[in-house]
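First the structure, in the form of structure tokens, and then the observations on it.
The values are calculated or read from the model by the stated rules, or taken from the named source; none is laboratory data. None of these values were measured; they are calculated from a predicted model. All Cβ positions, glycine included, derive from the backbone under ideal geometry; neighbour counts span all protein chains shown. Heavy atoms of the whole protein, side chains included, go into the accessibility calculation; ligands, DNA and RNA do not. Shrake-Rupley method; radii C 1.70, N 1.55, O 1.52, S 1.80 Å.
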Amino acid sequence: LVNMLKKQKEAKKLYAAVCASPAVVLESQGLLGSGATCYPAPPFRSTMTDPSDDKVVIQDGVVTSQGPGTSLLFAISLGEQLYGAEAANRVAGEMLVDR
């Protein structure tokens, strides 16, 4: 998994992580910049540089999200990165997700 993520980063392709994964996997492997988000528990946040309180953060081809309760916003954000804002907004509306 880590090798795949590193290849994605090197190729400037999208990759993402949710819950503790941004802190446990991405940060520990140097795959995360400052300002990302993760599950809002001190043991995870303390490993990150300037963690965000936002539910979803998109930066430099990396999408991070806080956890299970933010999964729909995470998925819609990934859809937006892959298919554009119009498609993401349409899907969000059809799913009754406030963005």
inquiry  = What whole-number volume per residue, in cubic angstrom, does the convex hull of the C-alpha atoms of the chain give?
reply    = 90
request  = At 7 Å along the Cα-to-beta-carbon direction for both residue 83 and residue 34, put a label point, then send me their distance in nm to one decimal.
outcome  = 3.6
remark   = Judged on accessible area alone, 1.4 Å probe, highest first, 74, 44 line up as 44, 74
ask   = Hey, how much of the P(r) for the range 42-99 falls beyond 12 Å, as a percent of Cα pairs?
value = 68
ask   = What is the extension gain from residue 90 to residue 2, computed as 0.36 nm multiplied by their sequence separation minus the C-alpha to C-alpha distance, in nm to one decimal?
value = 28.4 nm
query = Per residue, what accessible area does the chain have, given a 1.4 Å probe and all protein chains present, in Å²?
reply = 61
key: Distance (nanometres) between label positions extended 7 Å along Cα→Cβ at residue 59 and residue 97   = 2.2
task = For the chain, give the percent of accessible area contributed by carbon and sulfur heavy atoms, probe 1.4 Å, rounded to a whole number.
result = 54
